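Chemist: Handing you a structure now.
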Amino acid sequence: MRRGGFTSQTAALAARKQALAESREQFAGRTWTVASHPSVGSASWHNHSMSLTLIELDRPPGERFWLPFTYEEAGLGFNHGWWYGRPVYPHSQRIILRVLDNLDEVARVELDDEVGIDHYAEVPPLGATALEIQFIEVHNDHRGRGIGRAVIGLLRSRYPDRRLVAFSEGADGFWSSLGWRRHLHANPDDALRFRPLFIQPEA
Ligand SMILES: CC(C)(COP(=O)(O)OP(=O)(O)OC[C@H]1O[C@@H](n2cnc3c(N)ncnc32)[C@H](O)[C@@H]1OP(=O)(O)O)[C@@H](O)C(=O)NCCC(=O)NCCS
């Protein structure tokens, strides 16, 4: 059993690497597209050891219940429950992104264009400029290397006219380290029940 499980994980990993390689070469196939903002799509972000590229996944034409990740790949180094089982419907405002370091998928991001933050205290009037980071996850093996911070930098470049916001799921230290301001629910009775909201500072 164990051997079979390992083999299927290895096969899934090999298949995913192959798919990532093909996506790099076959953008014309429109399976995934490089995010079109020039500072993201081409230049990406790099330091001595990493070169990160943000790839926005495309809904396959005609697919109503789109699952951006296959069952097997959803959990390979990531939290399976976050990335599998929630279809993206045609009129959804969700945006799904992969982050590659060469051919390794090192992070995933889900954005949501439908944002409600007015029930939080002292929030600035962001209106339609608000863009929520619904999920961000760095691959298990790659945490603590600056990738999360770099991904936020890429998102800032990709969406220069937006203000990113995030409801922290036990990651207050991460958002605070970026200089984002923390807000609590406006009703003090709910402040401990609701996740803290973090808002990207003005550029
Ligand atoms: C939170 C997460 C995205 C951070 O990514 P990362 O690549 O590990 O973070 P970085 O290496 O870029 O760290 C940037 C800063 O955040 C801090 N930080 C990172 N994760 C932290 C955490 N969980 N708690 C407190 N501080 C954290 C780091 O110490 C670093 O601070 P510094 O620059 O002052 O040294 C990653 O740990 C992750 O995927 N966690 C599981 C999913 C999750 O919690 N997502 C957030 C949901 S709101």
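Chemist: How about the range 140-185: which of its residues are within 8 Å of the ligand (Cβ to nearest atom), touching a helix residue (DSSP H, G or I) at 6+ places or on another chain (Cβ under 8 Å) and in contact (Cβ under 8 Å) with a residue 40 or more places away in the chain?
Modeler: G148
Chemist: Every residue in the range 110-139 that is within 9 Å of the ligand (Cβ to nearest atom) and hydrophobic (A, V, I, L, M, F, W, C), please.
Modeler: Once the filter is applied, which keeps residues that are within 9 Å of the ligand (Cβ to nearest atom) and hydrophobic (A, V, I, L, M, F, W, C), the range 110-139 yields I133, F135, I136, V138.
Chemist: Scan the range 173-185 and tell me whether some residue there is at pLDDT below 95 and either part of a loop (DSSP other than H, G, I, E, B) or buried (at least 17 other Cβ atoms within 10 Å of the Cβ) (or both).
Modeler: Checking the range 173-185: not a single residue is at pLDDT below 95 and either part of a loop (DSSP other than H, G, I, E, B) or buried (at least 17 other Cβ atoms within 10 Å of the Cβ) (or both).
Chemist: Would you check if there is a residue in the range 153-171 being hydroxyl-bearing (S, T, Y) and farther than 23 Å from A186 by Cα?
Modeler: yes
Chemist: To continue, here is another question. Testing G146 on (1) within 25 Å of T53 (Cβ to Cβ); (2) touching a Lys or Arg at 6+ places or on another chain (Cβ under 7 Å), one condition comes back false. Which one is that?
Modeler: (2)
Chemist: Would you check if L76 is touching a strand residue (DSSP E or B) at 6+ places or on another chain (Cβ under 7 Å) and either in a helix (DSSP H, G or I) or within 16 Å of the ligand (Cβ to nearest atom) (or both)?
Modeler: Taking the combined requirement at face value, the residue does not satisfy it.
Chemist: Additional query: Looking for whichever is in contact (Cβ under 8 Å) with a residue 24 or more places away in the chain, within 28 Å of H185 (Cα to Cα), surrounded by 13 or more Cβ atoms within 10 Å (Cβ to Cβ) and among the charged types (D, E, K, R) here; the options are R94, R98. Which one fits?
Modeler: R94
Chemist: Hey, among D141, D118, which residue is assigned to a helix (DSSP H, G or I) and loosely packed, with under 13 Cβ neighbours inside 10 Å?
Modeler: Step by step, each of D141, D118 is checked, and only D141 is assigned to a helix (DSSP H, G or I) and loosely packed, with under 13 Cβ neighbours inside 10 Å.
Chemist: Considering each residue of the range 186-202, count those that are in contact with a Leu (Cβ under 7 Å, 6 or more places away or on another chain) and within 13 Å of the ligand (Cβ to nearest atom), and give that number.
Modeler: 1
Chemist: Please find, among D161, D189, the residue that is in a helix (DSSP H, G or I) and more than 17 Å from R94 (Cα to Cα).
Modeler: D189
Chemist: Further question on the same structure: Residue by residue through the range 67-85, note down the ones that are surrounded by fewer than 17 Cβ atoms within 10 Å (Cβ to Cβ) and at negative phi.
Modeler: L67, T70, Y71, E72, G75, N79, H80, G81
The values are calculated or read from the model by the stated rules, or taken from the named source; none is laboratory data. Keep in mind the model is a prediction, meaning the values are calculated, not measured. We place every Cβ from the backbone using ideal geometry, glycine too, and count neighbours over all the protein chains shown.
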